[in-house]
Amino acid sequence: MQFLAYSLSSLPFLYPLQQSSRSSATTSFYLDDATKMAILIIVFSAGFIALLYLMKKTSAKKTKYLTSVDTQRLPGEGAHVGRIAEQSLSAYLPFDKLTMHSLVAGATGSGKTVAAQVVAEEALLNKVSILVFDPTAQWTGFLRKQAISDMLKRYARFGLQKSDARAFDGNIYLVENSETFQINVKKYMMPGEINVFVLNRLKPQEMEIIVTRVIKAVFEANLEEYRGLRLLIVFDEVHRLLPKFGGTGEGFKQIERAVREFRKWGVGMVLVSQVLSDFVGEIKANIGTEMQFRTKYEQDLERIRYKFGPESLLGVVKANVGTGLMHNSEYNNGNPYFVEFRPLLHNVVRLSDKELDTYKRYNDRIVALEQRIEKMKEDGNDVFDLNLELNLAKDKMKKGAFNIVDIYLESLEGKTA
Ligand SMILES: Nc1ncnc2c1ncn2[C@@H]1O[C@H](COP(=O)(O)OP(=O)(O)O)[C@@H](O)[C@H]1O
Ligand SMILES: [Mg+2]
């Protein structure tokens, strides 16, 4: 009390009052300690109310995503996927959690594919191999660096420099016939590289054949057990396997097997779908991370309301493109929270049909050469140098350097003719 009264006597705005009280002891302007206290309380209360008002005003913009975030219970390392929405905090997803598989759901244009691509970029930077089955051809931009100004403008917000834009190594395979599609998974397990199988020329039902063969191929690959993530398999537009989109159920049966078994080999799956509720319980139960983007699909909205509550529901209905509700039972005390995904380092613009054909032409030539070299080897020829040259061609293919690939291939075709 005495301390407060002392502090008060040193406050400049009360100085004139105190002066007058000192200069004339006969006037009634003397302030006793109780009055000083009262003034102090009024001043502080007014300050407090003003502060509350200011806080309310500044947070008025932050009312879209009301889910509670316990910053102590969020992952602090792993894939740097963006920011916790409406907070100045980075959002991470640990790589080993990706072996428990992820499901990205939301309406068309809500930001699902970009979010899955952000996860893929982070995994590539962490030397994971990536295989993508892409019915939209949207993943074909991975081999070129970002050049779209709308994306580049958002870099600073996520602590990225424009010089961080980059291309990734890999290859693009145009699948034109599901019946002849075969895959040797081990052949495509190249750390830090992405192999995209473009399915946009197939009929929607053919996707099921591809998914089934890929999953069987992983089971047959005889992979060694592995702790952590070494291969990420992405199936985009996977709702096409659902019966109501024309699927027979076989694709989903395989996915159910995959989500149960793949993790022991260090293989994670990212399933991207317009809807989520329709996935059978067995699949949902084996998915570690769910990312729900804006949707109007009633069953999914009802599930969010029932499972996570009205704040989550409201956020999902109003979410901006690129912001999604992230849920992994191990984080944020099991509660979901909104994440604003970062812009992409690689180019969002897909390759044109002509460019896809070019990839196909060169890949077909490489396959033909592989077969010829194998045949020569069986006939007792020394093929060491031929294989060396072929590997150089394949390396240049990863960078899309077709002019140089052409030189190698022409030379090899001459030597193996
Ligand atoms: N995180 C993001 N940062 C910047 N732009 C984004 C982001 N997510 C989505 N977009 C924009 O929205 C468009 C649609 O996103 P996309 O992921 O293709 O939607 P979906 O797969 O849900 O149909 C993208 O082409 C891009 O322009
Ligand atoms: Mg998409």
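The values are calculated or read from the model by the stated rules, or taken from the named source; none is laboratory data. Only a predicted model underlies this, so the values are computations on that prediction, with no experimental measurement involved. Counting neighbours? That spans all protein chains shown, and the Cβs are built from the backbone with ideal geometry, glycine included. Remember, those area values only see protein heavy atoms, side chains included, never the ligands or the DNA or RNA. Shrake-Rupley method; radii C 1.70, N 1.55, O 1.52, S 1.80 Å.
Residue count for region 182-201 under the criterion of being crowded, with 18+ Cβ neighbours inside 10 Å and touching a helix residue (DSSP H, G or I) at 6+ places or on another chain (Cβ under 8 Å): the result is 9. Of all residues in region 117-130, none that is over 11 Å from L98 (Cα atoms) has its Cβ atom under 7 Å from the Cβ atom of a residue that is within 16 Å of ligand 2 (Cβ to nearest atom) and acidic (D, E), 6 or more apart or on another chain. Of the strands (runs of 3 or more DSSP E) lying entirely inside region 69-166, those carrying at least 2 residues that are among the β-branched types (V, I, T) and more than 16 Å from ligand 2 (Cβ to nearest atom) are 79-84. Here L223 fulfils each of the conditions (1) among the aliphatic types (A, V, I, L, M); (2) more than 24 Å from K112 (Cβ to Cβ); (3) in a helix (DSSP H, G or I) apart from (3). If the condition is being in a loop (DSSP other than H, G, I, E, B) and either of a type in the set (D, E, K, R) or open to solvent by 70 Å² or more (accessible area, probe 1.4 Å) (or both), then region 370-410 contributes D379, N381, D382, K399. Selection of region 203-233 for residues being touching an Asp or Glu at 6+ places or on another chain (Cβ under 8 Å) and either within 16 Å of ligand 1 (Cβ to nearest atom) or farther than 17 Å from H101 by Cβ (or both) yields M207, E208, I209, T212. In region 337-344, the count of residues that are open to solvent by 70 Å² or more (accessible area, probe 1.4 Å) and among the hydroxyl-bearing types (S, T, Y) is zero.
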